[in-house]
Amino acid sequence: MFVYAAKMTRFRFALLFVALITASCSTAGPPLSNSADEAGVRAAMSGFMDALNALDANAMSSFFAEDITAFVPVAQDDRVQGRDAVTRIFRNFVARTKPATARLHLVPEDLEIQVSGNLGIVTFNIRDKAPDVTRRRTFVFVRSGNRWLIRHFHASDFVAAAK
């Protein structure tokens, strides 16, 4: 009986030891974002969308970091680099769009925001019913002083197959 009790005690000790090691090695860590940082990124994203919907290229540009990069497949094949180059794409877009419409009504859906340190990531979809297109967008923000600026964005569209 004594041998059995000793084995059970060692077994319980081993289980406790494994549990403690597992808990101390957890990669969960602190949450990725705090509410103030998330609110700052959300406000910057909202400001950019307001400028885009207003077709105001100067206001859009004010949300860009100097070293912004972007993938805008409807504008060019390669990555766009630098604030001037990205702003030029939006100026061209505004010049083509404004004669036909005074204002856009783009509404992000499925918005997700993640913040870690000085970086924020925003992803969302914009759905157009006709044609059946889902516009997928990813924005990477960087904290610059007390502002969040767009450091990179990626645009891609998914066209649903004809029914």
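Structure data summary
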| read-out | value |
| --- | --- |
| Average silhouette area of the range 27-163, convex hull of alpha-carbon atoms, in square nanometres | 10.1 nm² |
| Neighbourhood net charge (9 Å Cβ-Cβ; Lys/Arg +1, Asp/Glu -1) for A65 | 0 |
| FRET efficiency, R147 to D77 (Cβ-Cβ, R0 41 Å, nearest 0.05) | 0.85 |
| Cut-off 14 Å between beta-carbons: net charge of the residues surrounding H105, Lys and Arg +1, Asp and Glu -1 | +1 |
| Total formal charge among the other residues, if their Cβ is under 12 angstrom from that of V41, Lys/Arg +1 and Asp/Glu -1 | +1 |
| Cα-based Rg of the range 85-146 normalised by 2.2 N^0.38 Å, two decimals | 1.41 |
| Rounded percent of accessible protein surface that carbon and sulfur make up, the range 116-161, 1.4 Å probe | 55 percent |
| Where labels lie 7 Å past Cα in the beta-carbon direction, separation of A36 and L106 in nm | 3.1 nm |
| Chain lengthening between S46 and A85 when straightened (0.36 nm per residue, less Cα-Cα) | 11.8 nm |
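The values are calculated or read from the model by the stated rules, or taken from the named source; none is laboratory data. Predicted model only: the values in this text are computed from it and were never measured. Using ideal geometry, Cβ is built from the backbone for each residue, glycine included, and neighbour counts are taken over all protein chains shown. Heads up: the accessible areas ignore ligands, DNA and RNA and are worked out on the full protein's heavy atoms, side chains in. Shrake-Rupley method; radii C 1.70, N 1.55, O 1.52, S 1.80 Å.
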